[in-house]
């Protein structure tokens with residue numbers, strides 16, 4: 001499936017989809033995630049991976 005197919009099917013911008021595809025997005029709306037999952041006929045757990053990025057904090 002091409003990005004242009006996702007743009008047409010979900011109504012999301014090409015820029016948003018490219019950022020998601022290339023791992024450049026720092027967040028995703030639940031509505032957006034739901035649209036992508038519906039289109040691809042997958043569950044959220046099929047496309048998301050949790051990583052534990054340790055953030056240092058000054059105490």
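The values are calculated or read from the model by the stated rules, or taken from the named source; none is laboratory data. Worth saying up front: this structure is predicted, and the values here are computed from it rather than measured. With ideal geometry, Cβ positions are generated from the backbone for all residues, glycine too; neighbour counts draw on all protein chains shown.
When the stretch 35-45 is filtered for residues that are part of a helix (DSSP H, G or I) and surrounded by 10 or more Cβ atoms within 10 Å (Cβ to Cβ), the ones remaining, listed by number, are 35, 36, 37, 38, 39, 40, 44. Across the stretch 13-34, the number of residues qualifying as surrounded by 10 or more Cβ atoms within 10 Å (Cβ to Cβ) and either under 10 Å from the mean Cα position of the chain (by Cα) or modelled with pLDDT under 85 (or both) comes to 12.
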